[in-house]
């Protein structure tokens, strides 16, 4: 019985050693696997950190660009408003100038009409005066010519009447 107990003890011991070795081998495999996973996790974490750093840089650059674009947009908006105000002022000034030009045009037109009328009046008076000066001698000549014709006619008529009278049988 002792032999059986010893045999059993040996069997139990051998079984325990086999299980322990198997368990140790399993634990070693698991430990190695965990260590490998740990290394892979660290590498993945480093890669993720690198990506995170790159993304943070890109975000900062995008944020900086966005700020610059906002500033540029504000500057451009202010410039546009300034240019629109300048354009509006220039339009008003141009409209005022056009109004002044129209007024000046109308005034010049009226002055020209008045001046033309004055010139026409002066020329008409001068023409009338000159024509009177020229026509007066002509009128006198025509009057003298008429008087001579009337005299000649009167004398002729008298001479005919006298001739008729002399030729009448008595």
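List of remarks:
- For the range 49-101, the average shadow cast by the Cα convex hull is 3.5 nm², which is a quarter of the hull's surface.
- Between residue 45 and residue 138, the modelled labels are 13.1 nm apart [label points 7 Å from Cα along Cα→Cβ].
- Cα convex hull volume per residue for the range 98-170 (Å³): 78
- Most mobile of 149, 119, 80 in a GNM of the chain (Cα contacts under 10 Å): 149
- Whole-angstrom gap from the range 73-141 to the range 28-60, using each part's C-alpha centre: 90
- Once the Cα-Cα distance is subtracted from the 0.36 nm per residue extended length, the residue 118 to residue 4 segment shows a gain of 24.8 nm.
- The label point for residue 87 and the one for residue 12, both projected 7 Å from the Cα toward the Cβ, are 10.4 nm apart.
- Every pair of different Cα atoms in the chain enters the Kirkwood calculation, which places the hydrodynamic radius at 32.6 Å.
- For the residues 143, 96, 71, a GNM of the chain with alpha-carbon springs under 10 Å puts the largest fluctuation on 143.
- Gain on full stretching of the segment that runs from residue 77 to residue 60 - 0.36 nm per residue minus C-alpha separation: 3.6 nm
- FRET E, pair residue 148, residue 126, Förster distance 30 Å, beta-carbon r, rounded to 0.05: 0.35
- For the chain, a Gaussian network of Cα nodes joined below 10 Å ranks 99, 73, 129 by mean-square fluctuation, and the top entry is 129.
Taken together, the values in this text are just the output of simple stated rules run on the coordinates, not laboratory data. Just so we're clear, the structure is a prediction, and the values are computed from it rather than from any experiment. Using ideal geometry, Cβ is built from the backbone for each residue, glycine included, and neighbour counts are taken over all protein chains shown.
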